[in-house]
Structures are given as structure tokens and as C-alpha cells.
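Everything below concerns the one structure shown next.
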Amino acid sequence: MGGAEPRTDLSALQPVMAPDDLDALTDILSAAFERAALAIASGAPRLPYERTVEILIGYTAPHRI
């Protein structure tokens with residue numbers, strides 16, 4: 001994992017999530033951001049990645065898990 005800040009932010013969204021699950025979610029979202037950034041830097045259109053990352057983050061809301 002790249003740092004504690006994303007995990008802290010996610011723990012605020014998911015206070016009842018098991019620590020191991022929270023670590024996994026943090027890793028998965030971090031990887032998604034990294035892949036999106038690499039694709040955009042390589043010339044892919046930005047908007048589809050922005051929309052999809054927003055959807056992915058939306059699924060971390062407490063009513064979804």
C-alpha cells in the first residue's frame with residue numbers, strides 16, 4: 001500500500017469493515033487509480049476513467065457493502 005491516508009479515509013466510510021478487508025479495499029482502489037493515471041498519461045481519454053473511478057468509489061459507500 002502506498003500510504004495510510006487512503007486507508008484512513010476509507011475507514012471513515014466503512015467504520016465496521018474488518019481491518020484486513022479495509023486493507024484489501026485500499027489496495028484495490030489504489031491500483032485502480034494507478035492504472036487509470038497510467039492509461040491517461042499514455043493518451044487514453046480522461047473522462048471514461050474519471051466516471052468509472054467515481055462509480056467504483058460509490059460502491060464503497062456503507063449502503064453498498
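Every number here is computed from the coordinates shown, using simple stated rules; none is lab data. Computed from a prediction, not measured in an experiment: that's the story for all the values here. Ideal geometry is used to build each Cβ from the backbone, glycine not excepted, and the neighbour counts take in all protein chains shown.
As a rough guide to protection, the peptides 15-21, 49-55 ranked by mean Cβ packing within 10 Å, highest first, stand as 49-55, 15-21.
Using 0.36 nm per residue, how much length does the chain from residue 40 to residue 27 gain when fully extended, once their Cα-Cα distance is taken away? Intermediate results must be reported in sequence, preceding the final value.
On the way: separation 13, 0.36 × 13 = 4.68 nm, distance 2.00 nm.
So the extension gain works out to 2.7 nm.
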